[in-house]
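Here is the structure we will look at, set down as structure tokens.
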Amino acid sequence: MLRVKAGDVDRMGLLFERYHRKLFSFLYHMLGRADTSEDLVQNVFYRMLKYRHTYTGEGEFRTWMYHLARNVLADHIKKNRHSTHHADVADFAEKIGGGSQADEGLQREQEVATLHRALGRLSAENREVLILSRFQELKYEEIARVLNTTEGAVKVRVHRAMNELKTIYLRIEN
């Protein structure tokens with residue numbers, strides 16, 4: 001990114017190759033719409049180019065990238081308040097499950113559907129912190145920089161979000 005900032009904009013292609021899947025995954029799990037998520041990925045890379053002068057090189061590039069992604073997402077949500085979260089969480093279910101594997105077949109499908117509904121009932125902030133920590137596999141320190149808070153606060157938020165998710169999940173299941 002420092003080379004892009006210095007004027008070598010051809011390097012954006014390399015950054016796109018490295019990070020577009022991660023950005024798509026993050027945005028998709030926040031919104032649940034593939035087409036919209038793909039458009040927002042393009043917007044994030046456009047903003048990277050437009051605001052390249054703001055990149056300082058301090059800290060990780062991913063932190064700066066996720067700041068931009070969160071801003072793009074917030075702008076989209078403000079413009080489209082009526083849209084809802086419909087993410088397919090089959091992969092995410094494996095990331096947050098801490099216990100034994102679910103039985104195959106119908107039981108697995110039901111559990112994933114229940115988890116999907118539970119995630120949809122979480123606040124956007126709680127869903128975001130779980131996606132960043134469990135699905136995007138960012139370290140708490142990185143999430144703290146993305147969210148502009150402390151590592152301890154991130155740990156607390158993840159813990160509370162997981163507890164809330166479990167509570168909602170159990171309520172739906174019964």
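Within the range 16-30, is even one residue over 18 Å from R70 (Cα atoms) and part of a helix (DSSP H, G or I)?
Pass one, the range 16-30, residues over 18 Å from R70 (Cα atoms): 17-18.
Keeping just the survivors that are part of a helix (DSSP H, G or I) gives 17-18.
Checked the range 16-30: at least one residue is over 18 Å from R70 (Cα atoms) and part of a helix (DSSP H, G or I).
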Residues located in the range 116-153, provided they are over 15 Å from R62 (Cβ atoms) and among the β-branched types (V, I, T) = V129, T149, T150
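Only one of R134, R145, R117 is part of a helix (DSSP H, G or I), under 15 Å from the mean Cα position of the chain (by Cα), at pLDDT below 90 and of a type outside the set (A, V, I, L, M, F, W, C); which?
On the way: R145 fails: at pLDDT below 90; R117 fails: under 15 Å from the mean Cα position of the chain (by Cα).
Only one candidate passes the filter, namely R134.
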query = If you take the residues in the range 122-159 that are under 20 Å from S25 (Cα atoms), among the hydroxyl-bearing types (S, T, Y) and touching a helix residue (DSSP H, G or I) at 6+ places or on another chain (Cβ under 8 Å), which one is surrounded by the fewest Cβ atoms within 10 Å (Cβ to Cβ)?
reply = Y140
query = For A69, are the conditions met, namely being in a helix (DSSP H, G or I), among the hydrophobic types (A, V, I, L, M, F, W, C) and at pLDDT 60 or above?
reply = yes
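The values are calculated or read from the model by the stated rules, or taken from the named source; none is laboratory data. Predicted, not measured: the structure shown is a model, and the values here were computed from it. Note that we place each Cβ from the backbone using ideal geometry, even for glycine, and neighbour counts take in every protein chain shown.
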